[in-house]
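Working notes, beginning with the structure itself.
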Amino acid sequence: MDRPQFSLERVMNEQEAERLLSFARSLTLAPKSCLWHAGESPDLLVRVEQGLLRAKVVLADGREYIKEFYWEGDEFIDFHHQLSGEPARYSVEALEPCRLQLFSLSSLRTLSCWPDWYHHLLAVQLRIKEEKELLLLTESPQARYQHFLQSFPALNARVPDHQIAAYLGISPISLSRIRKRLKDLNQG
């Protein structure tokens, strides 16, 4: 799935671009480090310059589900927190060494380009969520895995199997069986 970055050059003059850069804060995260935890109130726009992160939900019984992966070029905010004022319902954790740019949303709101940028972020997020929702509601686990491979081929090598399974809403054992079945089909 196409996850385009917002083109600031279209809507921003030089003076506003300098203001934006003054808002940026660089952060490096080591693998397994959290950008934020469930229960916190992140007031950030995050731009991933390098690395891979996951948004994860951990249930009381210890089961983990992955809401989303974020990688180079992605921009994201916690929309639920921003729209409801409630704390984050998920944590964001680095899977690889990450280099991020963080922007305070209260600072970004002072830019004339922010409404267009925010609209773009909402549109990209809505497309991603609509597609994932339909996959989870209408497709078999095997079809969801095949869609994952087709849509995110580079992630298959970067993400451990149990996390791919958690993203697809299946058990690691089911994913292993699906992979074996697909391998047998391709050899036969």
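The values are calculated or read from the model by the stated rules, or taken from the named source; none is laboratory data. Quick caveat, the model's predicted, so the values are computed rather than measured. Cβ placement follows ideal geometry from the backbone for every residue including glycine, while neighbour counts extend to all protein chains displayed. When the accessible area is computed, the model is the full protein with side chains, heavy atoms only, and any ligands, DNA or RNA have been set aside. Shrake-Rupley method; radii C 1.70, N 1.55, O 1.52, S 1.80 Å.
Observations
- Look at (1) closer than 22 Å to F76 by Cα; (2) open to solvent by 50 Å² or more (accessible area, probe 1.4 Å) and you find that I128 fails only one, number (2).
- When the stretch 137-161 is filtered for residues that are of a type outside the set (S, T, N, Q), surrounded by fewer than 12 Cβ atoms within 10 Å (Cβ to Cβ) and over 20 Å from E72 (Cα atoms), only L137 remains.
- All positions within the stretch 19-67 that are outside any strand (DSSP E or B), open to solvent by less than 80 Å² (accessible area, probe 1.4 Å) and farther than 25 Å from L83 by Cα: A30, P31, S33, G51, G62
- Residue check, R181 of a type outside the set (S, T, Y) and assigned to a strand (DSSP E or B): no
- Within the stretch 95-110, residues that are without any contact (Cβ under 8 Å) to a residue 60 or more places away in the chain and buried (at least 17 other Cβ atoms within 10 Å of the Cβ) have Cβ atoms under 9 Å from residues that are assigned to a loop (DSSP other than H, G, I, E, B) and of a type in the set (G, A, S) in no pair, counting only partners at least 6 apart in sequence or on another chain.
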